[in-house]
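Have a look at the structure below, then the notes.
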Amino acid sequence: MSDIVLFGGTSEGRLLAEFLEAQSIPSLVCVATEYGQSLLHLKDTVKVMTGRLDEQAMIELLEKEKPLAVVDATHPYADIVTKNIQKACQSVGVTCLRLHRDSVEADKGHIFSTLEEAIAWINTQPGIVFSSLGAKTAKDLCAISDYQDRVYLRVLPFPAGISSCAELGYPMAHIIGMQGPFSRRINEAMFLETKASILLTKEAGAGGGFPEKLEAARACGMQVAIVARPDDVAGLTMDEMKKAILECAQGARSVQAES
């Protein structure tokens, strides 16, 4: 059993996992991929579980672990995962704590409600497109006119993801496999090297390297197409989350001491 079940996969998730270990709170951290697991350097107090879970699998996990609380530190755009976590917590009757990643105001950017809207706008513009949306959107971006010549993809360095992009017809020279977040200098170098005039990105907040991408795009004179976040879920700041976790753990320890 675990006092805390943490759904991570983000930089904030890694920080919270390290916090749980430092506080010696028995916990389980759930990440979607083995790559996400490789970024965690944890010991015995915090266990790691790898694999994508649907709502029913989450319910079964929570029934097994019986946590005091569940922490949702997944990506701001992982709205389906967040909804599944909330439903699973409601089903089992456990507290769900959502970590909120602050938004970053994007001045001079073109903001679109959906990726389809952003693609439609891009098709009215000339020039090279640099996408930082990852491999999952590669198929959608085939709708960009002359995508094989115009679109560069920055994706995580998973062989499967890179292969899937190549199978869609993207030249290997247009597929950049790297793990972020990236500094302004690295972003700028990539934008200049690819001669991109449009950055296609998400508003992933400071933790996702969004400000550095914007700064680099401005320095390179690029237009920026931003796919807006899904309806945001209210949540806790990092400091508030740490405090809430400690309160849960201290409450459990008090009960154990009395029994």
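The values are calculated or read from the model by the stated rules, or taken from the named source; none is laboratory data. None of these values were measured; they are calculated from a predicted model. FYI the Cβ positions are ideal-geometry reconstructions off the backbone, even for glycines, and counts take in every protein chain you see. The accessibility values were calculated without ligands, DNA or RNA, using every heavy atom of the protein model including side chains. Shrake-Rupley method; radii C 1.70, N 1.55, O 1.52, S 1.80 Å.
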Query raised in the report: Is it true that residue 113 is crowded, with 17+ Cβ neighbours inside 10 Å and touching a residue at least 24 places away in the same chain (Cβ under 8 Å)?
Result: no
**Report entry** Residues satisfying the stated conditions in region 162-173, i.e. surrounded by fewer than 20 Cβ atoms within 10 Å (Cβ to Cβ) and not in a loop (DSSP other than H, G, I, E, B)
**Finding:** 163, 164, 166, 167, 172, 173
Requested in this report: Would you please list the contacts, defined by Cβ atoms under 6 Å and residues six or more apart or on different chains, that run from a residue in region 225-245 that is under 14 Å from residue 204 (Cα atoms) and of a type outside the set (Ser, Thr, Tyr) to a residue that is at pLDDT below 85 and assigned to a loop (DSSP other than H, G, I, E, B)?
Outcome: 226/106; 226/109; 226/203; 229/76; 229/203
Query raised in the report: Hey, residue 201 hits all of (1) over 23 Å from residue 117 (Cα atoms); (2) polar (S, T, N, Q); (3) under 17 Å from the mean Cα position of the chain (by Cα) but one; which does it fall short on?
Result: (1)
Report task. Please enumerate the residues belonging to region 23-41 that are over 16 Å from the mean Cα position of the chain (by Cα), at pLDDT 70 or above and farther than 15 Å from residue 71 by Cβ. Result -> 24
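Could you list all residues from region 51-69 that are in a loop (DSSP other than H, G, I, E, B) and open to solvent by 100 Å² or more (accessible area, probe 1.4 Å)? Before you say what the answer is, go through the steps one by one.
Residues of region 51-69 in a loop (DSSP other than H, G, I, E, B): 51-54, 66-68.
Of everything in region 51-69, those that are in a loop (DSSP other than H, G, I, E, B) and open to solvent by 100 Å² or more (accessible area, probe 1.4 Å) turn out to be 52, 66.
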Query raised in the report: Can you pull out the residues in region 118-135 that are within 24 Å of residue 189 (Cβ to Cβ), surrounded by fewer than 22 Cβ atoms within 10 Å (Cβ to Cβ) and among the β-branched types (Val, Ile, Thr)?
Result: 128
Query raised in the report: Do you know which residues across region 142-157 are open to solvent by 60 Å² or more (accessible area, probe 1.4 Å) and under 24 Å from residue 208 (Cβ atoms)?
Result: 156
Requested in this report: Determine whether region 224-234 contains at least one residue that is open to solvent by 50 Å² or more (accessible area, probe 1.4 Å) and not charged (D, E, K, R).
Outcome: yes
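Need a quick list: helices (runs of 4 or more DSSP H) entirely within region 79-157 having at least 1 residues that are within 16 Å of residue 199 (Cα to Cα) and aliphatic (A, V, I, L, M).
On the way: elements: 79-92, 115-122, 147-150.
Per the criteria, 115-122.
Can you name the residue in region 205-216 that is crowded, with 17+ Cβ neighbours inside 10 Å and more than 21 Å from residue 114 (Cβ to Cβ) and is also farthest from the chain's Cα centre (by Cα) among such residues?
So, considering only residues that are crowded, with 17+ Cβ neighbours inside 10 Å and more than 21 Å from residue 114 (Cβ to Cβ), the one farthest from the chain's Cα centre (by Cα) is 216.
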Report task. Output the number of the condition that residue 202 fails; it satisfies all remaining conditions of (1) at positive phi; (2) touching a helix residue (DSSP H, G or I) at 6+ places or on another chain (Cβ under 9 Å); (3) open to solvent by 50 Å² or more (accessible area, probe 1.4 Å). Result -> (1)
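Within region 230-239, does at least one residue satisfy the condition of being assigned to a helix (DSSP H, G or I) and over 28 Å from residue 126 (Cβ atoms)?
Restricting attention to region 230-239, the residues satisfying the condition of being assigned to a helix (DSSP H, G or I) are 238-239.
Okay, now just the ones that are also over 28 Å from residue 126 (Cβ atoms), so 238-239.
Yes, region 230-239 contains at least one residue that is assigned to a helix (DSSP H, G or I) and over 28 Å from residue 126 (Cβ atoms).
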